[in-house]
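Enquirer: Questions regarding the structure given below will be posed in turn.
The values are calculated or read from the model by the stated rules, or taken from the named source; none is laboratory data. It should be emphasised that the depicted structure is a prediction, and the values quoted were computed from it without experimental measurement. Don't worry about glycine lacking a Cβ; one is built from the backbone with ideal geometry, like all the others, and counts go over all protein chains shown. Ligands, DNA and RNA are excluded from the accessible area calculation, which covers all protein heavy atoms including side chains. Shrake-Rupley method; radii C 1.70, N 1.55, O 1.52, S 1.80 Å.
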Amino acid sequence: RAPVYPLFLALIYKIFGHNYLVVMILQSFIELLTIIIVYKMIFENFGKRRAILSLILFCFHPGIIIYTSRILTETLFTLFLSLAFYYLMKAHKSLSLKYSVFSGFIFGICVLTKPTPIGLIGFLFLSIIFMNEKIKRAKVFIIFSLISILTIMPWSMRNYFKMNEITLISNSSFGHMM
């Protein structure tokens, strides 16, 4: 099992007791933060009209509404994924090392919340090869990928020593290697 969401729940339960309502309220605030990040990301890259349209589509998407009220990884996962891509887009635009590192770290945390997007790291490497990106822009994606892998690595090592097999995140989905 990916560790971030269980740790999130454990922290909430430690502070507030085993209270599902508190989890749902906190997830509502997390979703609000995600909405702000999505709006900023679209606004900064595509303009106000598209940002407002994205905001409306995101806010009224049935999955977003349903998952926020459930104790599932999706709300926290969506926050980390949105935040990672927001800073990756900033890194790509500005060629900033700090944005590349931060987005890679957040993406690693995202994968440790839910392993589904781990394949995107490979996709980024392929896009660098086939898109003939300029060297400086390619560095942004390479740093992003390396930091993501380094963020995931301690959990993978823990899994190897605990289960005596190579397992990136969990023994299901994309997390199981052998």
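Enquirer: Calculate the spin-label point distance for residue 59 paired with residue 153, positioning each point 7 Å from the Cα along the beta-carbon direction, and give it in nanometres.
Expert: Calculated label separation equals 4.3 nm.
Enquirer: Continuing with the same structure: What order, most packed first, do the peptides 96-105, 64-73 have when packing is the mean number of other Cβ atoms within 10 Å of each residue?
Expert: On the way: 96-105: 19.5, 64-73: 15.2.
Packing order, densest peptide first, comes out as 96-105, 64-73.
Enquirer: Let me ask another. Taking all pairs of different Cα atoms in the chain, averaging 1/r and flipping that mean, what Kirkwood radius in angstroms comes out?
Expert: 17.4
Enquirer: Taking only protein heavy atoms and a 1.4 Å probe, what accessible area per residue, in Å², does the chain have with all protein chains in place?
Expert: On the way: 10640 Å² over 178 residues.
Accessible area per residue: 60 Å².
Enquirer: Also: Return the single residue from 40, 48, 162 with maximal mean-square fluctuation; model: Gaussian network over the chain, springs between Cα atoms under 10 Å.
Expert: 162
Enquirer: Work out, step by step, the length gained on full extension between residue 1 and residue 98: first 0.36 nm times the residue separation, then minus their alpha carbon distance; give nm to one decimal. Mind dumping the intermediate values first?
Expert: Details: separation 97, 0.36 × 97 = 34.92 nm, distance 2.98 nm.
My answer for the length gained is 31.9 nm.
Enquirer: Picking from 163, 41, 89, which is most flexible by a Gaussian network model of the chain using Cα springs under 10 Å?
Expert: Judging by the Gaussian network model, the answer is 163.
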